[in-house]
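*Asks:* Here it is: the structure, laid out below.
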Amino acid sequence: MNGYIDLGIELRVKETTEQTYSKAILVAVKGMPATGQAGGTVEITTSSDPTKVYVADRPDTGDMDFTYNYTESNLSNVQEVCDNSTKDILIKLPDGTGVEYKGTLQTWINEVSVGSAIECTLHTVPSVAPTYLTSSEVSTKIATN
């Protein structure tokens, strides 16, 4: 296969003390955020350098926001995990591989305009850099029942 589309992206959240993620997804999402951002640079030029000198700064995880369709049920399910405590978050991609990270979550209903669907945002703030997982690793992290 030459590539994948968004069909089949799954989002799961669990307590950090739980061994596996629920078989059920948290909510059907409309897409997924970038899993990182380029780090900045730090200037370390001295008076003896003929040109400016830089070193790479730390990578930035940035905020990772998901959009989902508003229903009372969807909002309620997401609000249950938004308790200001750190959670494990797993994004399963259509090919079975995934991305996992720890972070805190918040959710809200987005602005609404005429002729548009009512949507919500699930805002996650990673506390560690995302880890990329093989399909085998993802499979072992999701409960089978």
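*Asks:* Contact list please: Cβ distance under 9 Å, first residue in the range 98-110 and within 15 Å of Gly36 (Cβ to Cβ), second residue surrounded by fewer than 19 Cβ atoms within 10 Å (Cβ to Cβ) and basic (Lys, Arg), pairs at least six apart or on different chains.
*Replies:* Going by the 9 Å Cβ cut-off, the qualifying pairs are Gly98/Lys141; Glu100/Lys141.
*Asks:* Also, I was wondering about something else. When the range 84-94 is examined, which residues are found to be open to solvent by 50 Å² or more (accessible area, probe 1.4 Å) and either at pLDDT 95 or above or assigned to a strand (DSSP E or B) (or both)?
*Replies:* Those that are open to solvent by 50 Å² or more (accessible area, probe 1.4 Å) and either at pLDDT 95 or above or assigned to a strand (DSSP E or B) (or both): Thr86, Lys92.
*Asks:* Against the condition of a type in the set (A, V, I, L, M) and either part of a loop (DSSP other than H, G, I, E, B) or open to solvent by 60 Å² or more (accessible area, probe 1.4 Å) (or both), how does Val81 come out, does it pass?
*Replies:* Working: of a type in the set (A, V, I, L, M): yes; either part of a loop (DSSP other than H, G, I, E, B) or open to solvent by 60 Å² or more (accessible area, probe 1.4 Å) (or both): yes.
Judged against the criteria, Val81 is a match.
*Asks:* Collect the residues in the range 35-70 that are of a type in the set (A, V, I, L, M, F, W, C) and not in a loop (DSSP other than H, G, I, E, B), keeping them in residue-number order.
*Replies:* Listed by number, the residues that qualify are Val42, Val55, Ala56, Met64, Phe66.
The values are calculated or read from the model by the stated rules, or taken from the named source; none is laboratory data. What you see is a predicted model, and the numbers here were worked out from it, not measured in a lab. Quick reminder, even Gly has a Cβ in these numbers, built from the backbone with ideal geometry, and neighbours come from all protein chains shown. To get the accessible areas, we keep the full protein, side chains included, count just its heavy atoms, and leave off ligands, DNA and RNA. Shrake-Rupley method; radii C 1.70, N 1.55, O 1.52, S 1.80 Å.
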